[in-house]
Structure formats: C-alpha cells, structure tokens
1. Just to be sure I understand, if you calculate Cα extents along the principal axes in Å for this structure, which of [x] 49, 40, 38; [y] 53, 39, 37; [z] 63, 46, 37 do you get?
2. Label points 7 Å out from Cα along the Cβ direction at residue 225 and residue 242: separation in nm?
3. Using 7 Å Cα-to-Cβ label points, what is the residue 75/residue 149 separation (nm, one decimal)?
4. Any idea how far apart residue 156 and residue 183 come out in nm if each label point goes 7 Å out from Cα toward Cβ?
5. What does the highest-first list of 124-137, 228-241, 143-156 look like by mean Cβ count within 10 Å?
6. Given the peptides 27-38, 92-103, arrange them by the average over their residues of other C-beta atoms within 10 Å, most packed first.
7. Can you compute the FRET efficiency between residue 130 and residue 38 using 1/(1 + (r/R0)^6), with r the Cβ-Cβ distance and R0 = 41 Å? Round to the nearest 0.05.
C-alpha cells in the first residue's frame, strides 16, 4: 500500500514506536491521526509532525477510561469517511495490579479491551475500504495459554505475565476479526515490532533496538503487498510466523470475543 493520502490512525503515538511510526507515515504523505492520553504531549507531537506534513490530527483518550475511548472513536467517525490503516499500538507494563474506574484490571483494559472497543466502533469505516488494514501490535513473548478464570489477575497477578497475556489476547482478537471480516476489503493481522528500546521495555526488561527499527517494521506491515487480501497472520521479523498454538483455537477466540463484547456493552 502506498501511504500517500491514506488515513493512518496510531494509538499510543506520542512516544516510542508509535510516535516514530507517525512521523515516518507523515513523511510518506499519509494523513496521520495521533492518539495519546496526555493533551500536552499530543500538542508537542503534532508540532513535530507538522514540520513534516501539515495533514495530522490529534485525538485524546485515556485508555483507563472506556468512555473516553468511545468518545474518541465517535469523534473520528464524525470527521473521517474512511480509515485506511489502524495501528492498535498503545500498551503499558504494570508491576502491581490496579483496577480502573471501569472495574477492569488495568493491563487487561489498556493493552487489550480498549483496543477491542476502538476497533468495534471504527470497523464500519474500515471494513469496506479497499486495501484497508487493521494491525494489532503484539509481542513475541505472548503467553502460551489463557486461563479464563484469571484474565484479570483475579487469582494471582505478576506484571510480566499480565503483559504477556494481554499480547496473546491481541493475537486471539486478530484471528477472530480476520474470520469475521474475511469477505470484506479489510486485512486484519498482528505483528511483533521487535525488541525496541522504549519506556515500556525498560520498565520490565532492558536493552533493545532503536525506535526507528520498530517503526520500519510497523510500516512494512502497512505497506507490504505480501498481505494483500490476507488476514490472520502474525508477523515477526517482517515475515509470517507461527504464534503460540492456543491462539489458533477458534473456540478460545470465540469465547474471548464474546466475553469482551459483553464487558463493552455499555460503551458500544
């Protein structure tokens, strides 16, 4: 896909890989929608990107507040006729269990549930746009199993395990949506952007490649012709790889999706 004049929406785009991806997409002539939770950081990011390309919009939403997520989606729906690329990128790492105002465990909500809500609200602008893509950012360290009695750390919580589980949920969501919309124009895939030097990585681990490498991997997923007409791929090192076996279990995909939609009913 040539990104020139395409509408590219990136969550978590005021820092790290998301911000670098937004800048590089703007360089390619895309109309970029920058999401962040902090208004000042959004304004500063917009100033940087407008030195490259004036066609950029900021959208504020704190993913710990699902009403803000729904409101942001409504604003985008009101102002755009289409979305060509949606990067569900925002994520965080929390060493201790926290509960949001919506009553969900924070890692589960920010890294997974908020993106399900956002995608559900925006899918009508995406699914019939020729060549459109939904790209869920996951990780090579995604979990190998999902305990539905402990999705939100109800029985036990450990920061890295919660993060890894959220990344598995991103993959399960990707594959479910890919099946749901297989007869539409949209391609729905997920990717591991690499081990990149970001605040999130440093919060839990250490080391990593520069954010420019992660952004290039993100843009590859948006631009490559290899995924034209294809959904349900997990991309790592810019090629399709196998995710953990549980992620291909359609019963698990369906159960997770149904539970998630039930949780999100007040906001849909």
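1. [x]
2. 3.0
3. Placing both labels 7 Å along Cα→Cβ, they lie 4.2 nm apart.
4. Going from the residue 156 label point to the residue 183 one covers 4.6 nm.
5. Highest to lowest by the protection proxy: 124-137, 228-241, 143-156.
6. For the peptides 27-38, 92-103, the packing ranking is 27-38, 92-103.
7. Approximately 0.75, to the nearest 0.05.
No value in this document is a laboratory result; all are computed from the given coordinates. These numbers come from a predicted model, not from an experiment. Cβ coordinates were reconstructed from backbone atoms using ideal geometry, including for glycine residues, and neighbour counts include every protein chain displayed.
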